[in-house]
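K.L.:
Below: one structure in structure tokens.
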Amino acid sequence: MHKKNKEIWETALNQPDEILLTIKKSEKMKNDLLFDFTVDKPSKTVSIKREFAAELPLVWDAFTKAEILDQWVAPKPWSSKTKYMNFEVGGRRFYAMVSPEGLERWAVQEYTSITPKTNFKMHNAFADENENRELPGSDWDYVFSEQNGITEVNITIFNESLERMEKMIEMGFVQGFKMTIDNLEKILETLSQQ
């Protein structure tokens, strides 16, 4: 992370809770696609907007099928392995991020709402290898739309506690998420050519 960006995040996290604080990072990617990442500390919310040069059904599949998710969702050099995934309302995905040394960091995602090709919502919580959840967690809302072959994904993450959100940011969530989205862009490019 650039020193300036690190200083911005550290300054933001040390602000008093009563101060309305929104950190916003927008950039145009090399192919002129939007990537917007906003942290709003008072509302315990992270908002992400990202465009992909791929059709909506392919992007939807990349977010909802384990065999594709496992190819991109972990920031390198980590990998992802899904133990099981049942993408339906009330269904769950139980998966681990695996370090090069074999350390596993498990999480449970429970799907609370699904509108095919346009929206799904889930609750996310860290867990141990036996699926015992570490609460509090976070609620994720994904909205998908396509225009002229460009698919936009809007993700809103509401953290159940400010401490959890701050810990995620300190652990490198912003950088890690950007890395996973870069992974996804490469996967979509490959899948689009098949």
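The values are calculated or read from the model by the stated rules, or taken from the named source; none is laboratory data. As the structure is a prediction and not an experimental result, all values here were calculated from the model. Here Cβ is always computed from backbone atoms with ideal geometry, including for glycine, and neighbour counts include all displayed protein chains. Quick note on the areas: whole protein, heavy atoms, side chains included, nothing else; ligands and nucleic acids left out. Shrake-Rupley method; radii C 1.70, N 1.55, O 1.52, S 1.80 Å.
K.L.:
Looking at (1) under 20 Å from Ala96 (Cα atoms); (2) assigned to a helix (DSSP H, G or I); (3) touching a helix residue (DSSP H, G or I) at 6+ places or on another chain (Cβ under 9 Å); (4) not hydroxyl-bearing (Ser, Thr, Tyr), find the lone condition where Lys186 falls short.
P.N.:
Condition not satisfied by Lys186: (1).
K.L.:
Give segment 135-167 a look and list any residue that's open to solvent by 20 Å² or more (accessible area, probe 1.4 Å), of a type outside the set (A, V, I, L, M, F, W, C) and closer than 15 Å to Arg92 by Cβ, or say none.
P.N.:
Selection gives Asp139 alone.
K.L.:
For segment 128-174, what are the residues that are of a type in the set (S, T, N, Q) and within 15 Å of the chain's Cα centre (by Cα)?
P.N.:
Ser138, Asn154, Thr156, Asn159
K.L.:
Out of curiosity, is Lys186 within 17 Å of Asp70 (Cα to Cα) and out of contact with any strand residue (DSSP E or B) (no Cβ under 6 Å at 6 or more places or on another chain)?
P.N.:
yes
K.L.:
I need the full set of residues from segment 52-78 which are over 15 Å from the mean Cα position of the chain (by Cα) and aliphatic (A, V, I, L, M), in order please.
P.N.:
Passing the criteria: Ala53, Ala54, Leu56, Leu58.
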